[in-house]
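Have a look at the structure below, then the notes.
The values are calculated or read from the model by the stated rules, or taken from the named source; none is laboratory data. All of these numbers come straight from a predicted model, not from anything done at the bench. So basically every Cβ, Gly included, is an ideal-geometry build from the backbone, and we count neighbours across all protein chains shown. In case anyone asks, the SASA skips ligands and DNA or RNA and just uses the protein heavy atoms, side chains included. Shrake-Rupley method; radii C 1.70, N 1.55, O 1.52, S 1.80 Å.
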Amino acid sequence: MLLRRWVPFAAALLLVLPTGEVHAQSDQDRAAARSLATQGAEAFTAGRYDEAIDLLNRAEALVHAPTHLLVIARAQARLGRLVAARETYLKIAREELPPAAPSAFKRAQLEAREELTAVEPRIASLRIVLEGAAGRTISVKLDGQPVADALVGVHRPIDPGNHVITATPPGLGPIEQAVTVADGERKELKIPIPEGPAVVPPPDGPGAGQGAGNNGQVGFPPEAPPGAGERKTNVALLGAGIGAAALGVGGVVIGSVFLGMGSATQQDANDLSASRGCEAPGGQGATCTPEVERQIERLDSKAASQRTTAALGLVAGGALLVGGATLIVIELTSKPERPNAAWIAPYVTPTGLGVRGAF
């Protein structure tokens, strides 16, 4: 009902603004503000509250009018932004209007005061408590927006609904906690902050800071420096082992496939020879023609080629598989301290195969 009372005179409102500030505006600014206010009222009526806020803020930037702010406050309240709506209502209510101000301005101020009393009880309150954070500067964000240090540990107004609080201690990752507050609820959220890593002061000169753990300063003693005795993985060596093993498996598979193909081809040659009588004593059988003999020879040659490929695949694949497994075992079982990098690699030559390396 309040909106229906406001919309009919929204478009004509700027025609009667009497203040000196308004008279200082150009005709173009006043016409533009009037158009923006009308569009904002239409957006509000259609439920496009974000758009209404944007349009009326633009109109307000050109020409000030309490009626602009009133619709902005109502749109903020409809969106659940009660804290922002209260501040806008307060701005309208506290404005000192001149005696000659338009009646629409005075009515907007009266309605703002009435609606303010309905919004204020709905605003929730949240207190963020960082447990274990004494003496540390911790970054806190509410729904992605930074929270001032002065607002940490005290109750602050907050819109009802779901929120995410993020605390980021120095040297540690962010800690997130979700919280839901109802209309008018007063709530406290405690976020445990773990202890951060020790901070080692920078040395003042050559040799400075050695033995800091023995004289009360924060740091590591010389007999136990950070990372001492820890085993470091040789990524290159382990990767080479895994790669060689994978290639070896592939070679064995290919060799097995060609071995099966060679056996099948040879069986075809034997079957053809037997069916045509080419194995009969004394020469050709009844149906063993020269063409059939050539076909059998081609099958025999193909079978031999396939068996050769199979042998190479099995030999090379086996060598790579053994070499890759050896690399992996060496890396996984090596001692923490290795002054020199070890390497090993399989090889295949026309005269043999093997594994070579250095340790």
Among the residues of region 98-105, is any touching a residue at least 12 places away in the same chain (Cβ under 8 Å), touching an Asp or Glu at 6+ places or on another chain (Cβ under 8 Å) and in a helix (DSSP H, G or I)?
no
Filter region 91-124 for residues that are within 19 Å of Val179 (Cβ to Cβ) and touching a Pro at 6+ places or on another chain (Cβ under 6 Å); the one that is surrounded by the most Cβ atoms within 10 Å (Cβ to Cβ) is Ala124
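Yes/no per residue for (1) under 42 Å from the mean Cα position of the chain (by Cα); (2) open to solvent by less than 60 Å² (accessible area, probe 1.4 Å); (3) of a type in the set (Val, Ile, Thr); (4) modelled with pLDDT of 50 or more:
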| residue | (1), (2), (3), (4) |
| --- | --- |
| Met1 | no, no, no, no |
| Gln25 | no, yes, no, yes |
| Arg34 | no, yes, no, yes |
| Ala37 | yes, yes, no, yes |
| Phe44 | yes, yes, no, yes |
| Arg48 | yes, no, no, yes |
| Ala52 | yes, yes, no, yes |
Check whether at least one residue in region 345-353 is over 40 Å from the mean Cα position of the chain (by Cα), of a type in the set (Gly, Ala, Ser) and at pLDDT 80 or above, and report yes or no.
no
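Considering Ala311, Ala316, which residue is hydrophobic (A, V, I, L, M, F, W, C), without any contact (Cβ under 8 Å) to a residue 60 or more places away in the chain and closer than 24 Å to Ile242 by Cα?
On the way: Ala316 fails: without any contact (Cβ under 8 Å) to a residue 60 or more places away in the chain.
Going through Ala311, Ala316 in turn, just one is hydrophobic (A, V, I, L, M, F, W, C), without any contact (Cβ under 8 Å) to a residue 60 or more places away in the chain and closer than 24 Å to Ile242 by Cα: Ala311.
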Answer yes or no: is there a residue in region 64-87 that is surrounded by fewer than 16 Cβ atoms within 10 Å (Cβ to Cβ), out of contact with any strand residue (DSSP E or B) (no Cβ under 9 Å at 6 or more places or on another chain), part of a helix (DSSP H, G or I) and among the acidic types (Asp, Glu).
yes
Show the residue pairs that are 6+ apart or on different chains and have beta-carbon atoms under 7 Å apart, the first residue being within region 170-191 and open to solvent by less than 60 Å² (accessible area, probe 1.4 Å), the second being acidic (Asp, Glu).
Ile191/Glu131
Please pick out the residue among Ala133, Ala118, Ala124 that is on the phi < 0 side of the Ramachandran plot and in contact with an Asp or Glu (Cβ under 9 Å, 6 or more places away or on another chain).
Ala124
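Given the condition closer than 25 Å to Leu69 by Cβ, open to solvent by 60 Å² or more (accessible area, probe 1.4 Å), part of a loop (DSSP other than H, G, I, E, B) and not hydrophobic (A, V, I, L, M, F, W, C), answer yes or no: does some residue in region 142-153 qualify?
Yes; the residues of region 142-153 include at least one that is closer than 25 Å to Leu69 by Cβ, open to solvent by 60 Å² or more (accessible area, probe 1.4 Å), part of a loop (DSSP other than H, G, I, E, B) and not hydrophobic (A, V, I, L, M, F, W, C).
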Has region 211-227 got at least one residue that is open to solvent by 70 Å² or more (accessible area, probe 1.4 Å) and modelled with pLDDT of 55 or more?
no
Taking region 283-327 and keeping only residues that are at pLDDT below 80 and open to solvent by 80 Å² or more (accessible area, probe 1.4 Å), one is left with Gln284, Ala286
